[in-house]
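Asker: I'd like to ask some things about the structure below.
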Amino acid sequence: MSRRTVEMAVGTAGVDQFGQPIRAPLTVRERGGLALHAPPEPELEGDHMLINIGPQHPATHGVLRLVLELDGETVVRCVPHIGYLHCGFEKIGEYRQYNQIIPWTDREDYLNSIGNNVAFVLGCERLFGIEITPRCTVLRVIAMEMSRLMSHLVWMGTTCIDIGAFTPFLWLYQERENLYNLLEGWVGARLTTSATRVGGMAAEIPDGWMDGLNAFIRNFPKTLDEADRMLARNGIWMGRTVGIGALTGEEAINAGLSGAMLRASGVAYDVRKDVPYLDYETYDFDVPVGTQGDVYDRYLVRVEEMRQSIRILEQAVQRLPDGPLNVDDPRIILPSKTRATSQMESMIHHFKLVMEGPRPPAGEVYVPVESPKGEKGYYLVSDGTSKPVRWRIRPPAFVNLSAIPRMVEGHLLSDVIAINASIDIVMGEIDR
């Protein structure tokens, strides 16, 4: 199938009820030789129609509202509305100690909670000037790649539902449950983990836990390959995704996109490679990129990313060292219960850490990581007290969503669902 795209010509025809320019009817936009929208016959022209998708619609994956202006079934204009889930995470963080902010990071992108936990404490540790232990470093890599897999499995399963495939959804969610069982065995929680602490982790992995992870590493690729075989060359799937919502590399860069949204457009930017952290530069893995930047390429890129995550997990399991999990610094890490109840000095450290919290030097820091949705960054400003003066989140889903008007305009109404699914949004991260 040819994937040539003829760009649409857009003019203006007055203003609408919002005071925004009304775009004139679109010219023919060809994809694979099929005219998705042709100029209407003069006697068939009519008024444009405004419809709402969301904020209560299963295919918007949360309280997203898309106001669409339609010419027939063709989208002339799209205006996304957000803010229905605003929780004020960043402002609340200014009134919490650094470790007390960790549960709030669970609730941003709640499909990547443990990955957010790790990203946040990496910023804190750079602010504190802490070097974490080798064992903690590898366990955090394992946590982040497990989190990437869990997030991508939700994306792939729900996209199947959105487009009309049901069986792969069941297979993929079963694998997600296997990961959640591992996570629950490690930190006692499944969705909102609060698994990290400044200077280490909340819990050590239990005996036998690595056996379960190794079993997942062996079995998961077979499930992924089977789901991919059902979709990648499926005529319905390709018809709903090939040539839909395409962005060039230049357009993706100009929009500030990251993650699979950017890589599907041919830009090989991955924070793990370009701004390494947690020794990712020492792992052998590839950064998959697309060529057309459409919904289909975003699918292919994310599927390959899951395969690369398995490669990283295999290497992390092999290199996991023995040794302490947390840094040996009583000003930052709580003493053990035995020491806190038997040694006066440890009891004092325990009391001060709980009541006052650790105090970093004054300064500011921005630390980015490669989250499942793109570049997730945390910006922290300290004035030397136990609470940050400013906590700012760089949410990739928020930035990626900003490109949806460009992607849907000129497509049919049904294509909006597939395009929105390909962005992989979580409203907790967008509204935060």
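Asker: Between ALA362 and ILE161, how many nm apart are label points set 7 Å from Cα along the C-beta direction?
Answerer: It works out to 5.1 nm between the two label points.
Asker: Between the stretch 60-108 and the stretch 382-419, how many Å separate their Cα centres?
Answerer: Cα centroid to Cα centroid, the span is 8 Å.
Asker: Take the eigenvalues of the Cα gyration tensor for the chain, scale each by 5, and report the square roots as semi-axes in whole Å, largest first.
Answerer: Gyration-tensor ellipsoid for the chain: 44, 25, 17 Å.
Asker: Let me ask something additional. Pull out the extension gain between LYS273 and ASP47, defined as 0.36 nm times the separation in residues minus the alpha carbon to alpha carbon distance; nm, one decimal.
Answerer: Here the answer is 76.3 nm.
Asker: Then there's this: Using DSSP to call loops (not H, G, I, E or B), can you name the GluC sites (Glu not before Pro) in the stretch 120-196 whose Cβ has at most 13 other Cβ atoms within 10 angstrom?
Answerer: Numbers: sites: GLU125, GLU131, GLU145, GLU175, GLU177, GLU184; in loops: GLU131.
In loop regions of the stretch 120-196 (DSSP not H, G, I, E or B), the sparsely surrounded GluC sites (Glu not before Pro) are GLU131.
Asker: In addition: Using a Gaussian network model of the chain whose springs link C-alpha atoms within less than 10 Å, name the residue from SER371, SER402, SER113 with the highest mean-square fluctuation.
Answerer: SER402
Asker: Cβ neighbours within 10 Å, averaged per peptide: list 350-357, 394-401 in order, most packed at the top.
Answerer: Descending packing order for the listed peptides: 394-401, 350-357.
Asker: PRE reach from GLN174 (point 7 Å along Cα→Cβ): which of the stretch 217-248 fall under 18 Å by backbone N?
Answerer: 217-231
Asker: Then there's this: How long is the gain from ASN181 to VAL354 if the chain were fully straight, where each residue apart is worth 0.36 nm and the alpha carbon distance is subtracted?
Answerer: 59.3 nm
Asker: Using amide H atoms built 1.01 Å from N in the peptide plane, name the residues 5+ places from SER371, or on other chains, whose amide H lies under 5 Å from its own.
Answerer: So SER371 has HN proximity to LYS376.
Asker: Right, next: Suppose each label sits 7 Å from its Cα in the direction of the beta carbon; what would the ARG229-GLU281 distance come out to in nanometres?
Answerer: 4.1
Asker: Under a GNM of the chain (C-alpha, springs under 10 Å), which listed residue has the highest mean-square fluctuation: ALA260, ALA340, ALA195?
Answerer: ALA340
Asker: Counting only residues 5 or more places away or on other chains, whose amide H sits under 5 Å from the amide H of ARG65 once H atoms are built in the peptide plane?
Answerer: Those lying under 5 Å, H to H, from ARG65 are HIS81.
Asker: If r is the Cβ-Cβ distance from ASN254 to VAL389 and R0 is 25 Å, what FRET efficiency results, to the nearest 0.05?
Answerer: 0.20
Asker: Arranged from highest to lowest average of other beta-carbon atoms within 10 Å per residue, in what order do the peptides 212-225, 295-308 appear?
Answerer: In descending order of packing, they fall as 295-308, 212-225.
Asker: Hey, can you list the DSSP H helices of the chain whose Cα span along the axis is 27 Å or longer and whose average Kyte-Doolittle score is at least -1.0?
Answerer: Values: long enough: 134-163 (44 Å, 0.72); 167-187 (31 Å, -0.31); 209-231 (33 Å, -0.37); 295-319 (36 Å, -0.53).
Counting only whole DSSP H runs, the qualifying helices are 134-163, 167-187, 209-231, 295-319.
Asker: Under the 0.36 nm per residue contour assumption, what length would be gained going from the current alpha-carbon distance of TYR95 and ASP328 to full extension?
Answerer: Taking 0.36 nm per residue and subtracting the Cα distance, the gain is 81.2 nm.
Asker: Another question about this same structure. Give the total of Lys-Lys pairs in the chain with Cα-Cα distances below 23 Å; include a pair only if its members are 8 or more places apart or on different chains. It would help to have the intermediate numbers written out before the result.
Answerer: Details: LYS91/LYS376; LYS91/LYS387; LYS273/LYS373; LYS273/LYS376; LYS337/LYS352; LYS352/LYS387; LYS376/LYS387.
Lysine pairs satisfying the spacing and distance rule in the chain number 7.
Read-outs: derived from the displayed coordinates by stated rules, not from any lab. All values reported here derive from a predicted model rather than from experimental measurement. Cβ: placed from backbone, ideal geometry, glycine included. Neighbour counts: every protein chain shown.
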